[in-house]
């Protein structure tokens, strides 16, 4: 198979020039405002999946007056099909720490945490060594900044930022109401900047090469590159850095096994795109005028024609049913009923029209659930049921 | 004094006695004891001066904080989509057959507990499992039998040294 498709590969994140000390020193000598403006002009958006403009996040937190502020790196990478953050933390941890320190300087925070998921406990010893080395350098240049690791304990929901704060405060990981947003009131009700691991790694790229270099990559509304975690039915699973704005058909030509029937973009909480929509779907953030543009945390799971989409949906729903924190009714009961519902339709206990009722239930969850988990169950549920209805029935 | 009470005191001294130190303390107990007994949770509540029900409520929220007695090695098989597609069930059957336990059970000698877990973040190397904090990927039934045999041997040697 020729590989001359239009996928634009890039190599920023994992390129290690070992220059973090210079990057840190150089940027700490600039004005906070200048740094924020650089980040804003790069149009970097959160790489955890939600896509909030990172520069704006920093700016909002910087504008709040408070003696105590926090910077938190969200390394609770729990979305099925995502494994890029682990790779960043094991290969280029200094980039993340440096970006956290620059963030601390910009917003006026002296304490920072990395919330690391329990499943990645094995990263902790090495990461602690790196943090010690980083602290030594901060002391040398008289920059007061402390980073600590906070371990999670196996809860997907704690990747949601306010649930993560609750967890760090020693409580059940149940999301809070928003507003107030973390930039104003986050961990310990103090202004908190919380960024995904990859977002911080991109911020490092921007503070190293300048905003323009980053902005020139990608397409309108979706600037820069993104790490993609590719898994499923593909001959080359792994982590790839690609420019945003690619079309899904180019992606599948490159990564598919020749028999790809659907791609799940954005993990279990994302969307399933069937083959007939590959050409009109691009990967990036909302705002494109033609076709569908899907935001993503970078999870790309490919399914070939040997897979039953019923089993796929069953697996997702079981995941959500277990990981729902149980706090709000739409999500707690909704997840249970959706799972029960598709099983009933499959077994013939309910007729096929029951699927329409379930679609309505999913829509209700989207509107009424308290946080992103409950709201996004409908994404995969509806896109699978609508596109593969026949597989749900028999 | 009870060794668990000592451990909890030490952990509380190390991390502090505020509510936001609760999770590290719970994790510290699980690391040593493999699970949180009712006794430990009450002790933690006493040490941190908070209601035992709050400790219980928090601890039982997290899937890696076990509150039933667990074996020395906790096997957690990833059951999420990619691992499931790539043969998770065969791995599970191989383990069940070898250890003669099913999911949720512990071997009578207290060596292994078998659990399923959600996405471990090794989808590109599926199927994957954790044994305590160590990750094993691209598993096959043969491979998993070898891994478990190593653990069994380690356990035997450990037992002899203990005598």
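Readers should treat all values here as calculations from the given coordinates under stated rules, not as data from a laboratory. Note that the structure is predicted; figures quoted are calculated from it, not measured. Quick reminder, even Gly has a Cβ in these numbers, built from the backbone with ideal geometry, and neighbours come from all protein chains shown.
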Task: Degrees, to the nearest 10: A:32-42 long Cα axis against longest axis of chain A - done: 30
TODO: Before anything else, pin down the relative contact order of chain A: Cα pairs under 8 Å, at least 6 apart, normalised by residue count, whole percent.
DONE: 17
Open item on the list: Quick check: the distance between the Cα centres of the stretch A:200-221 and the stretch B:59-91, to the nearest angstrom?
Closed with: 39
Open item on the list: Between residue A:340 and residue A:126, how high is the FRET efficiency from 1/(1 + (r/R0)^6) when r is the Cβ-Cβ distance and R₀ = 35 Å? Nearest 0.05.
Closed with: 0.20
Task: Nearest-0.05 FRET efficiency for residue B:19 and residue A:37, computed from C-beta distance (R0 51 Å) - done: 0.85
Open item on the list: Counting C-alpha atoms alone, how compact is the stretch B:65-163: give Rg to one decimal and Dmax as a whole number, in angstrom.
Closed with: 13.3, 45
TODO: Let me have the relative contact order for the stretch A:147-261, percent, based on Cα pairs under 8 Å that are six or more residues apart.
DONE: 12
Task: 10 Å Cβ neighbours from other chains, averaged over peptide B:76-88 - done: 6
- [ ] Could you tell me how many degrees, from 0 to 90 and to the nearest 10, lie between the Cα long axis of helix B:22-33 and the main elongation axis, the longest principal axis, of the Cα atoms of chain B?
- [x] 60
- [ ] Using 0.36 nm per residue of separation minus the Cα-Cα distance, give me the extension gain between residue A:136 and residue A:21 in nm, one decimal.
- [x] 40.3 nm
Open item on the list: Taking 0.36 nm per residue of sequence separation and subtracting the Cα-Cα distance, how much length would be gained by fully extending the chain between residue A:63 and residue A:257, in nm to one decimal?
Closed with: 64.8 nm
Task: Relative counts (whole %) of C-alpha pair distances in the protein assembly as shown, using bins that are 10 Å wide - done: 3, 17, 27, 28, 17, 6, 1, 0
TODO: Place the peptides A:101-107, B:136-142 in order of packing, highest mean first, counting for every residue the other Cβ atoms within 10 Å and averaging per peptide.
DONE: A:101-107, B:136-142
Open item on the list: Give the average, rounded to an integer, of partner chain Cβ atoms located within 10 angstrom of each Cβ in A:172-184.
Closed with: 1
